[in-house]
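Before any comments, here is the structure.
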Amino acid sequence: MRTEIRTDAAEDTRAAGRALGPILGPGDAMALTGELGAGKTTFVQGVAAGLGFEGHVVSPTFTLVREYQGRLRIHHVDVYRLERVQDVLDLGLDDATAEGGVLLVEWGDAVEGLLPPEHLVVTLATDEDETRRIVFEGIGDSWRLRWERLERLLEPWGAAP
């Protein structure tokens, strides 16, 4: 399962993330990938808002993990600076989903094998004209069941159902 959208501004990227919030449930995990400045944290700001968090979401680059409370507990993780698998394991990513929270991992491609078997991969890229291309890939049956709804929610940015 794969779909792609395009956003023209940071607010559109946030809005696309916000659209995802209603279909996220307890134990969901998301790997966010893309180059520096591609919009991963901006997208997470939208997801957090879509989950009902009304505060300010900032990058966890130097703190590694930030937590927010919305409809579900949000665990926002950045593994960019981690060099060893043990460092990642020490973060307790599996605890975040086991406790019914939502796990959002920036640079998640580096630790995708440590994520739950069913997860969403969101890849962000910036084109030459500064348009952001966001690709969603659902892994596992739980995403297969929600995929049509996800595509409908993303239609304003070009997702094709």
Exercise. Between residues in the range 133-161 that are closer than 14 Å to Leu24 by Cβ and residues that are part of a helix (DSSP H, G or I) and open to solvent by 50 Å² or more (accessible area, probe 1.4 Å), which pairs lie under 9 Å by C-beta distance while being six or more apart or on different chains?
Worked result: Gly138/Arg144; Arg149/Pro22; Leu153/Pro22
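Being under 18 Å from Ile139 (Cβ atoms) and either out of contact with any strand residue (DSSP E or B) (no Cβ under 6 Å at 6 or more places or on another chain) or crowded, with 21+ Cβ neighbours inside 10 Å (or both) is the filter here; which residues of the range 24-39 pass it? Outline the logic, then answer.
The first filter runs over the range 24-39 and keeps only residues under 18 Å from Ile139 (Cβ atoms), leaving 24-34.
Scanning the range 24-39 gives Leu24, Gly25, Pro26, Gly27, Asp28, Ala29, Met30, Ala31, Leu32, Gly34.
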Problem set entry | Odd one out for Arg146 among (1) closer than 26 Å to Glu67 by Cβ; (2) of a type in the set (D, E, K, R); (3) surrounded by fewer than 17 Cβ atoms within 10 Å (Cβ to Cβ) | (3)
For this session: State all residues of the range 35-52 that are modelled with pLDDT of 95 or more and in a loop (DSSP other than H, G, I, E, B); if no residue qualifies, say none.
Result: Leu51, Gly52
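What is the residue count in the range 7-34 for residues that are part of a helix (DSSP H, G or I) and on the phi > 0 side of the Ramachandran plot? Spell out how you get there, then give the answer.
Of the residues in the range 7-34, the ones part of a helix (DSSP H, G or I) are 10-23.
If we keep only those that are on the phi > 0 side of the Ramachandran plot as well, we get none.
Within the range 7-34, residues that are part of a helix (DSSP H, G or I) and on the phi > 0 side of the Ramachandran plot number 0.
The values are calculated or read from the model by the stated rules, or taken from the named source; none is laboratory data. From a predicted model like this one, the values you see are computed outputs, not experimental measurements. Virtual Cβ from ideal backbone geometry, glycine too; neighbours counted across all protein chains shown. For accessibility, only protein heavy atoms count, side chains too; no ligands or nucleic acids. Shrake-Rupley method; radii C 1.70, N 1.55, O 1.52, S 1.80 Å.
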